[in-house]
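The values are calculated or read from the model by the stated rules, or taken from the named source; none is laboratory data. Fair warning: this is a prediction, and the values are worked out from it, not measured in the lab. Glycine also receives a Cβ, built like all others from the backbone with ideal geometry; neighbour counts cover every protein chain displayed.
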Amino acid sequence: MMKMKSEDGLLSVCEKCRMKKQRSAAKGKANRLVHTLLLVICFMASMTPAVAQQNSDRISLGFGCLYERGLDVTLSYEHETKYHNAWEYFANGYIKWDECASCGHVCPESFWNNYRSYGFGFAYKPCVARGRNHHGNMRIGASVGSDTDRFLGGIHLGYEHNYTLRHGWKLFWQVKTDVMIKGEDLFRTGIVLGVKLPVK
Ligand SMILES: [Zn+2]
């Protein structure tokens, strides 16, 4: 009776062992499948934003310091096509401050009311440098606008460097020269810093 019991016990242990082995083999297969799936998902996740970023539209806001005594703001709608090439449609406001004739300083009056102009235009921005999270574009554009009493035309030449952030946001800096036809100053050369946020 004792022997039978132990034999029975032995058998049941063996059976358990076998089932355990089977289960762990199945588990191993499942693990490999999960790993493969995760790899595929990771791969797709890493590819999808790159594809999405190539064809996308952004609102861009840039603030510029221009020689001499000039500041400008540019609000743009940017449409990015293939390979980071882009079209930009922009509105630009510009002020040039001066020392005040009456108080001899740069005061609010002489800052805001010395000279102002605005313009609307577009630019083509071919991509000329690409990196993993950044790219550089030439910026070639034209605009029409006005200052306080005249019609103005503008030709815009520059270079823009973009840094891609999370969720399609970008930071950029620009070096640019605006050639203003009939403006108070012919050349406005300077640096712009800005941000772009995705709209679709
Ligand atoms: Zn003043």
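Among the residues of the range 175-189, those identified as on the phi < 0 side of the Ramachandran plot and surrounded by fewer than 20 Cβ atoms within 10 Å (Cβ to Cβ) are Val175, Thr177, Val179, Ile181, Glu184, Asp185, Leu186, Phe187, Thr189. Whenever a residue of the range 76-91 is closer than 13 Å to His135 by Cα, its partners that are among the hydroxyl-bearing types (Ser, Thr, Tyr), lying with C-beta atoms within less than 6 angstrom and at least six residues away or across chains, give the pairs Glu80/Ser56.
Between Arg130, Arg116, the distinction of being exposed (fewer than 13 other Cβ atoms within 10 Å of the Cβ), more than 11 Å from the ligand (Cβ to nearest atom) and not hydroxyl-bearing (Ser, Thr, Tyr) belongs to Arg130 only. Of the listed requirements (1) in contact with a Lys or Arg (Cβ under 6 Å, 6 or more places away or on another chain); (2) under 21 Å from Ile59 (Cβ atoms), Gly194 misses just one: (1).
Determine whether the range 141-152 contains at least one residue that is crowded, with 20+ Cβ neighbours inside 10 Å and within 16 Å of the ligand (Cβ to nearest atom). Checked the range 141-152: no residue is crowded, with 20+ Cβ neighbours inside 10 Å and within 16 Å of the ligand (Cβ to nearest atom). Determine, yes or no, whether Ser76 is part of a strand (DSSP E or B), in the same structural domain as Leu193 (by TED's automatic domain parsing) and not acidic (Asp, Glu). Spelling it out, Ser76 is indeed part of a strand (DSSP E or B), in the same structural domain as Leu193 (by TED's automatic domain parsing) and not acidic (Asp, Glu).
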